[in-house]
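Below: the structure, in structure tokens.
The values are calculated or read from the model by the stated rules, or taken from the named source; none is laboratory data. For clarity, every value in this text was computed on a predicted model and none was experimentally measured. Using ideal geometry, Cβ is built from the backbone for each residue, glycine included, and neighbour counts are taken over all protein chains shown.
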Ligand code: ARG
């Protein structure tokens, strides 16, 4: 078959349906820039070791650069008959420069080529994620600084537990995002290994210099084993895993924002620019952005499971199954970047309902533990203190008041050791101020943690 790059041993044309079915160019053309960079490096290496003449090597390089420009101008005619991005570009190269173009594929296979392309693509993708993550982290820290003293009721079981500061809560978000960045950087080390030179699976009989190609492409290492080089997609799974976990974090943050911005809570208000209205209910202002982020988390998690399923049954080395790895990887990257970017604006424009937060903390008996701790300091064993305060809370609930509204005389009935200084520990401010240790919610500790966070971010 004449028009196929692999047509030599075929006598029948590919079925039209099969041609469409096996073609990946609609999505893998996204790799074009990296495919061209990989091909130029490969050709230069072939020139370096004397497999190609200098003239051939230069012609290939110039031809590929022109093709890249064609693609950028949107003038490149992608063809499904040429199956994928690799053969589209190679065929066009030969069309442009003639004989030398046919020599590009010497000592190479699409199997090591596609693995190389995807790794180069992901290396840049990870760098973009790291940058977007950092931007969000800066925003989170800025808001945390502004809200270092703002009282927020902390929850366990979604029941009001103890007061914290809103700044402290945001620093918890910061830690989640910091681990995401660490995972991305760790993943990048294993992405940045070069498969090229493995050829189809066994290596090549040409005297290639893989270290030379790796150096040109900025790879930190060369894959050790040719079979592993073409069949491994761990790096893709790891990347999508890091994306899924990052999205899980954004999803949990979203859940909090949705809850906090609901009218019964009123802890925060999302800026109008980040909400939409209802087509029927005129009063509505819906938190679509965090809801969509929460929804898109399911999609990225699905990609992770999908990739695992693609890999689990594959014997070594390359199998066409791997063509299915691209869309989940691309979509995970797109989704994570879009969510991170929209989130930075969402958080920076958040309006904080400080009074509502404080009121909720005050009314929620959130300082009951502080009263128990107070009794312990007066010599009461903690278990007894717990029981005493429990009775005081029940009394407060029954009389429709919060703990700090009980009079000293009332409190003394429950705990004889209670004195006038108790009032200070019953306020949310007193409660957070008392949690004054490394990692605690006292505003002084929040400020210290903020300073550490900023310097970690600067050195990360
Ligand atoms: N389009 C293929 C992929 O995405 C490229 C490699 C094809 N190799 C092969 N021997 N069919 O994996």
Original post:
Does region 87-106 hold any residues that are in a helix (DSSP H, G or I) and closer than 25 Å to residue 50 by Cβ, and which are they?
Top reply: 89, 90, 93, 94, 96, 97, 99, 100, 101, 102
**OP:** Only residues that are buried (at least 22 other Cβ atoms within 10 Å of the Cβ) and touching a residue at least 40 places away in the same chain (Cβ under 8 Å): list them for region 60-82, please.
**Re:** 60
Subject >> Any hit, region 72-85, residues being under 29 Å from residue 20 (Cα atoms), part of a helix (DSSP H, G or I) and more than 16 Å from the ligand (Cβ to nearest atom) >> reply: yes
Original post:
Taking region 2-15 as the region of interest, how many residues are over 25 Å from residue 60 (Cα atoms) and either within 15 Å of the ligand (Cβ to nearest atom) or exposed (fewer than 10 other Cβ atoms within 10 Å of the Cβ) (or both)?
Top reply: 5
Original post:
Quick check: is even one residue across region 130-141 closer than 25 Å to residue 232 by Cα and either more than 16 Å from the ligand (Cβ to nearest atom) or outside the structural domain of residue 317 (by TED's automatic domain parsing) (or both)?
Top reply: yes
Original post:
Here are some residues: 152, 171, 122, 177. Which one is touching a residue at least 60 places away in the same chain (Cβ under 8 Å), in contact with a helix residue (DSSP H, G or I) (Cβ under 8 Å, 6 or more places away or on another chain) and within 16 Å of the ligand (Cβ to nearest atom)?
Top reply: 122
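A quick yes/no check of all residues on (1) on the phi > 0 side of the Ramachandran plot; (2) modelled with pLDDT of 95 or more; (3) within 16 Å of the ligand (Cβ to nearest atom):
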{"residue": "254", "(1), (2), (3)": "no, yes, no"}
{"residue": "257", "(1), (2), (3)": "no, yes, no"}
{"residue": "269", "(1), (2), (3)": "no, yes, no"}
{"residue": "276", "(1), (2), (3)": "no, no, no"}
{"residue": "282", "(1), (2), (3)": "no, no, no"}
{"residue": "291", "(1), (2), (3)": "no, yes, no"}
{"residue": "306", "(1), (2), (3)": "no, yes, yes"}
{"residue": "319", "(1), (2), (3)": "no, yes, yes"}
{"residue": "333", "(1), (2), (3)": "no, yes, no"}
Subject >> Filtered residues of region 412-429 (kept if under 21 Å from residue 163 (Cα atoms) and free of Cβ contacts under 8 Å to residues at least 60 places away in the same chain) >> reply: 421, 422, 423, 424, 425, 426
Original post:
Here are some conditions: (1) more than 24 Å from residue 200 (Cβ to Cβ); (2) in contact (Cβ under 8 Å) with a residue 40 or more places away in the chain; (3) part of a helix (DSSP H, G or I). Residue 322 meets all but one. Which one does it not meet?
Top reply: (1)
**OP:** Scan region 399-444 for residues that are touching a strand residue (DSSP E or B) at 6+ places or on another chain (Cβ under 7 Å) and part of a loop (DSSP other than H, G, I, E, B) and jot them down.
**Re:** 441
Subject >> Flag if residue 219 is modelled with pLDDT of 95 or more and part of a helix (DSSP H, G or I) >> reply: no
Original post:
Here are some conditions: (1) within 16 Å of the ligand (Cβ to nearest atom); (2) buried (at least 19 other Cβ atoms within 10 Å of the Cβ); (3) not in a helix (DSSP H, G or I). Residue 52 meets all but one. Which one does it not meet?
Top reply: (1)
